[in-house]
C-alpha cells in the first residue's frame, strides 16, 4: 500500500535537486525517491514530520513511501534488487543484510558511513551485520533488545529496593522472589535469544567462521557455561522447559500478577497492562545484568538497517535520505516517538527520562547480532538451539546435546 503522508496524503514535492541540479525556469526538475519501510516501523505523525522537513531542506526531491509486510519480504526484496525499477531505499532486518549483499545488488556505502554518518559510534549489533568483507552495505537505523521487566510491588514485598547489577545478585534476588504461588522469574526453556547473550558474556559464540566455512560452536566450554547459567536462572520459576516465549505467551503469564520478572522487549509491558490494568504503574525495567557491575550483560539486538539497491535510479538522492534517517537529529526523534534504541550508544544516554527505553539503550551498548552468515536464516528455520536447550533442562548431558546441536548448525550453514 502506498502512503503519501499516510493519513493525510503523504509526501510532497519541491524544487532544487542534489548535485547542483536546480529548478529550470518555467519547468520542474523534481526527482522522486521511492522508499520501502516495514509496516508499523514508524508512526504516521513521525513520517509526516520527517517528510515535510526533508523535502523543505532538499528542494527538488519528493519522497514516496510504501509500507511492506514482514511476511514474504525476503523474496520481494531479492526480486527488487534484480529488477530495473528498484526502490531507492529499503528498510531491512539487521540480520538480513548479508543475504541481500550476497546477491551483489547493494550499493557499497562505506565512504558515506565513514565520512558522514559517524560509524565509529554505531551499535555493533546493528553495524556488524551490515558490514560484509569490510564494506558497509547496511546503515544502522534503529534497534530493540530485551530487558528485564519486573513487578515493583513484588520486589518491595520481598525487601528488594533496587534492581541487580550483576549476575550473582540477579540469581540471589530471583531465588528470594521464587516462593510458593510466585515465580522469581518466568523464563521459558527455549528462549534462545536470551541464551545467546549469556553465551556471548562467557566469550562463546553460536557459530564461528574459519576460512569461509561456518561451524556451530554450542559445544565450546564458553558456550556451555552460558547454558549452565541459563539453567540456574530458569530454575527460579515455572517457565516450561519445552516451550518458547509464545507457548504460552509470557506477557499473558506475567499479567496474572504472580511473576516477579521476565525477559522481553519493553513493548511487552503494553500487553501486560492491557491484560491486567491493575499492573499499570507497577512495572519497572532494568538491563540484563552482566558478570560484573561494570557493564550490562550481552543481549541479542534486533532492529533495522537501511540499504540502497545498486540499480536504483536516484542513488545520490537515496544517500541523502539515508543520511538524514540515520543522523543524530532524526535518530533521537525516532527513539523518543517509537521507544526505539538509536543507532549510537552516545545517543542512548539522552533517553534517561524514559525508563524502559533507557534500560534498553543501556543494554544495547552490549548488543550483538546472530552470526553474519547469508545462510543463518536456514538455522532459524528449523532451529536446533531450541531442542538442545530443552534437552539440557530436562536432564540430558549438556556436552553431548550441545555437540549434536552444533553439528546441525554447521549443516544448515553450508552454502
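Values in this text are rule-based calculations from the coordinates and carry no lab data. Note that the structure is predicted; figures quoted are calculated from it, not measured. With ideal geometry, Cβ positions are generated from the backbone for all residues, glycine too; neighbour counts draw on all protein chains shown.
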Q: Provide 338, 389 in ascending order of the number of other Cβ atoms located within 10 Å of each residue's Cβ, fewest first.
A: 338, 389
Q: Report the relative contact order of the stretch 294-415, percent, no decimals, based on alpha-carbon pairs under 8 angstrom and at least 6 residues apart.
A: 26 percent
Q. Percent relative contact order of the chain, based on C-alpha pairs within less than 8 angstrom and at least six residues apart?
A. 23 percent
Q.
I'm a student and want to see the number: the projected area of the Cα convex hull of the stretch 276-415, averaged over all directions, in nm².
A. 13.6 nm²
Q. Fewest to most neighbouring Cβ within 10 Å: what's the order for 56, 386?
A. 56, 386
Q | For the stretch 20-164, convex hull volume per residue from C-alpha positions, Å³ | A | 190 Å³
Q | For the stretch 99-187, the fraction of alpha-carbon pairs in successive 5 Å shells from zero, as % | A | 3, 11, 18, 13, 7, 6, 7, 9, 10, 9, 5, 1
Q. Cα axis of helix 192-201 to longest principal axis of the chain: angle in degrees, 0 to 90, nearest 10?
A. 80 degrees
Q.
Rounding to the nearest 10 and keeping the result within 0 to 90°, find how far the Cα-based axis of helix 44-57 lies from the longest principal axis of the chain.
A. 40 degrees
Q | Hydrodynamic radius by Kirkwood, which averages 1/r over all alpha carbon pairs of the chain, in angstrom | A | 22.6 Å
Q) How far is it, in nm, from the label point at residue 114 to the one at residue 232 when both lie 7 Å from their Cα along the line to the Cβ? A) 4.4 nm
(Q) Could you tell me the center-to-center distance, by alpha carbons, between the stretch 30-99 and the stretch 336-410 in angstrom? (A) 26 Å
Q. Quick one: what do you get for the stretch 306-347 if you divide its Cα Rg by 2.2 N^0.38 Å?
A. 1.34
Q) Can you give me the pair-distance distribution of the stretch 159-261, C-alpha pairs, 10 Å bins, whole percents? A) 15, 39, 31, 11, 3, 0
Q: With N set to the residue count of the stretch 300-376, report its C-alpha Rg divided by 2.2 N^0.38 Å to two decimal places.
A: 1.28
Q.
Can you compute the helix-only [θ] at 222 nm over the chain? Use -39500 (n - 2.57) per DSSP H run of at least 4 residues, normalise by all residues, nearest 500 deg cm²/dmol.
A. -11000 deg cm²/dmol
Q: Only Cα pairs under 8 Å and at least 6 apart count here; give the relative contact order of the stretch 106-247 as a rounded whole percent.
A: 20 percent
Q. From largest to smallest, what semi-axes in whole angstrom does the stretch 203-357 give when each is the square root of 5 times an eigenvalue of its alpha carbon gyration tensor?
A. 32, 26, 16
Q. Want the number for residue 56 to residue 267: 0.36 nm per residue separation, take away the alpha-carbon distance, what's left?
A. 72.6 nm
Q | Angle in degrees between helix 328-338 and the longest Cα principal axis of the chain, rounded to the nearest 10 | A | 50 degrees
Q: List the extent of the Cα atoms of the stretch 185-224 along each of their three principal axes, largest first, rounded to whole Å.
A: 41, 16, 13
